[in-house]
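This report concerns only the one structure given below.
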Amino acid sequence: MALGNTRNNFRIQVSNLMHLRLRTIQAATVFSTLALLLLPASAQVSPSAGAIRGIVQDPSGSPVAGAAVTLLNPTLSVKRQTITQSDGTYVFPLLQPATAYQVAVEHPGFARALWKDLQVRMTETTVADATLAVGTVTQELVVSAETQAVETTSATLGGVVSTAVFAALPLPTRNVFDLMATDAGVAAALTSPSSTIIQGSNAIYVGGARATSNNYTLNGVDANNFEFQTLAAGVVPLPNPDAVQEFRTQTSLYDATSGYNAGGNLTVVTRAGTRDYHGAAYEFFRNTRLNAADYFANASRQAKPVMQQNQFGGSLGGRLPKAGGTFFFFNYEAVRQKNGVAGSVTGFQPVLPATRDATSLANAFGLPASSIDPVAVNLLNAKGSYNGLLFPSGTGAQLGTMGTFRYSTPVIYDSGQYSARLDREVKLFGNSSHLAATLFSSSSDFTNPSGASGSLGQPYGYPLGSRNATLSDTHIFRANLINDLVGGFTWNQRDIEATGGLALADVGMVRSNNSVTSLLPNLTFLNQLGCCGYAANVQHPQRTVTYTLRDTLSWNKGRHSLRFGFETRREEFNDGIYLPRGSLGFQTGIANSIYGNSPLGAAGNLAFRDFLIGAPTSISFLSGLTTMNFRARDYLAFLQDDFRVARRLTLNAGLRYDHLGNPTETHNTI
């Protein structure tokens, strides 16, 4: 039960000229928390590790000092030893998240006490108290009471989700971030599963902060996207649920070891192997027949859009053959999806004649044949995705007036990802060390073969990719002095490409920046669907990479449980800036003023008539730099002291310094 908490932040926010992202210099964050505790010791955890702690008492409730406490995990070949303090407390910090931990307590004159099947969760502390019974050490007392994760030792709010929960809950896209919406203080803009294409593309808001204010780490290293700084971009490394050991959300009041942003701290740890072999194969599928029909579409007897989704894969973990105490885990998952909801367009289109030559078009829309622009004729006859044409005709109305058009073709999303991990307990410099190496890789391709996405367009695609690799060493110098060192990188790719289509020369158009981009511009109309360009900013390669090095030293000294360390990050964003193809805007009026109103009256006075004579109301396009290479460096340091003032009173005090450097550009363009 927390008695009080104060946290003073001194921040200066600055923005670079390109508005790449807001960067913060957080001078010194000093905070302290007085907590009335059910237990006298505090957590010794890190963003990717947990702890076990407790108090040893005799039958009268008095603390037992000097008791030998042994920690074991047979499945991971882990063994640590310590002794209880003068107040009977002990702690095992910086433990790998896992189940099947055991704690044994021995002291002359008492029977041996044994805890079995303890679970350690990242950033949390598992309590294993022991009340010793009088007896000999050859006798054993097995403690079977349920353990609890201590939350009263810290004011931090949040929760841990384990593999068992992932397996029990239905996740339409198997995106573990969807579970964040179940936490207090979290709002997630979840989209309908029927229209969700790219996995992990939801905006998440924590404690009222922006979606760009969260901090995401994978296996202890920064996994944010330097360009977008949000999970909504769909381009962060996101292991599937079968590859995740635990997922932790911290929503507010973090201690000094956590920080970087003002929103939520999201931490994912991938699964590790054990001494026993375990494997699985699976497939999750959805299809058009199984999906319910939209109420309004069903009422108008419209067919259900195509929906076909297959997610399949498998995993295997265990002891690596001929490698002693080395454990491995490997997972692979693929996604194949066709979705007609996302690749659809509905709106108004002029009803065109069957023959699209200048004479037929002029007669249909009340214009002189000599006024018809040859480029307009070329565009109207150009090949495309809509019944074989780039510019489709409306239906259900008189020739030369506005009809309706509805089209749906599935967009295609294919992806594959794998996650691998190696763990080994070794001796370094005469002391025990836990070494771990992780690798995550995903590659996917989102393709819109028709280009339809709320407007008429040409085919485009998103080649997407993520890589994350880490190396870590948890080194035990002494039972009360443990160091956790982790380094790694995260790489993201988010390209946007035209996958075919027409160029300016194909329809007889000319633009001053033809040598830079030759793709067609977008055409916009006052009273009908836009056409002919692209619904996305194609010709736009985007790559980001972040390198992280973090070190945390845990030192238990008397009544003090100290953690201090540093973190440094180097970020790169290489942006092949797209040059907009420009747009031509058409309103009603120019054709009317030159050639008079349509013979069909108001129903025929369309912006399309201005298009036919080549008279746009507005023209826009840009030109400029095509490449930007941004760089930034961050430096972070922290000190956390959990001081046991009394048996049931602990002071949590911390000091943190974050220097988030402003971006620079390698060619000095900002």
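The table for this structure:
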{"item": "Selection from Leu526, Asn592, Gly558 lying farthest towards where the dipole of region 520-592 points positive, charges on Cβ", "result": "Gly558"}
{"item": "Kirkwood hydrodynamic radius over Cα pairs of the chain, then Stokes diffusion coefficient at 10 °C and 1.306 mPa s, in µm²/s", "result": "56 µm²/s"}
{"item": "For the chain, size of Cβ-based charge dipole, Lys and Arg +1, Asp and Glu -1, in debye", "result": "160 debye"}
{"item": "Area of Thr84 that stays accessible when all protein chains are in place (1.4 Å probe, Å², to 10)", "result": "10 Å²"}
{"item": "Mean shadow area of region 605-670, taken as a quarter of the surface of its Cα convex hull (nm²)", "result": "12.2 nm²"}
{"item": "Residue-level accessible surface for Arg656, protein heavy atoms, 1.4 Å, Å²", "result": "10 Å²"}
{"item": "Kirkwood hydrodynamic radius (C-alpha pairs) into Stokes-Einstein, region 267-348, 25 °C and 0.890 mPa s, D in µm²/s", "result": "149 µm²/s"}
{"item": "Accessible-area value, Arg319, 1.4 Å probe, nucleic acids and ligands omitted, Å²", "result": "80 Å²"}
{"item": "Quarter of the Cα convex hull surface for region 564-619, i.e. its orientation-mean projected area (nm²)", "result": "8.1 nm²"}
{"item": "Furthest towards positive pole of dipole, Gly318, Tyr386, Asn331, structure part the chain, Cβ charges", "result": "Gly318"}
{"item": "Ordering of 243-249, 276-282, 307-313 by burial proxy (mean other Cβ atoms within 10 Å per residue, highest first)", "result": "243-249, 307-313, 276-282"}
{"item": "The chain, relative contact order in percent, only Cα pairs under 8 angstrom and at least six apart counted", "result": "13 percent"}
{"item": "Per residue accessible area in Å² of the chain, where ligands, DNA and RNA are left out and the probe is 1.4 Å", "result": "41 Å²"}
{"item": "Separation of alpha-carbon centers, region 377-420 and region 486-549, rounded to whole Å", "result": "19 Å"}
{"item": "Sparsely packed chymotrypsin sites (Phe, Trp or Tyr not before Pro) within region 357-440, loop by DSSP, other Cβ within 10 Å at most 11", "result": "Phe429"}
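The values are calculated or read from the model by the stated rules, or taken from the named source; none is laboratory data. Values in this document were obtained by computation on a predicted structure and should not be read as measured data. Using ideal geometry, Cβ is built from the backbone for each residue, glycine included, and neighbour counts are taken over all protein chains shown. Note: accessible area is taken over every heavy atom of the protein model, side chains too, but ligands, DNA and RNA are not part of it. Shrake-Rupley method; radii C 1.70, N 1.55, O 1.52, S 1.80 Å.
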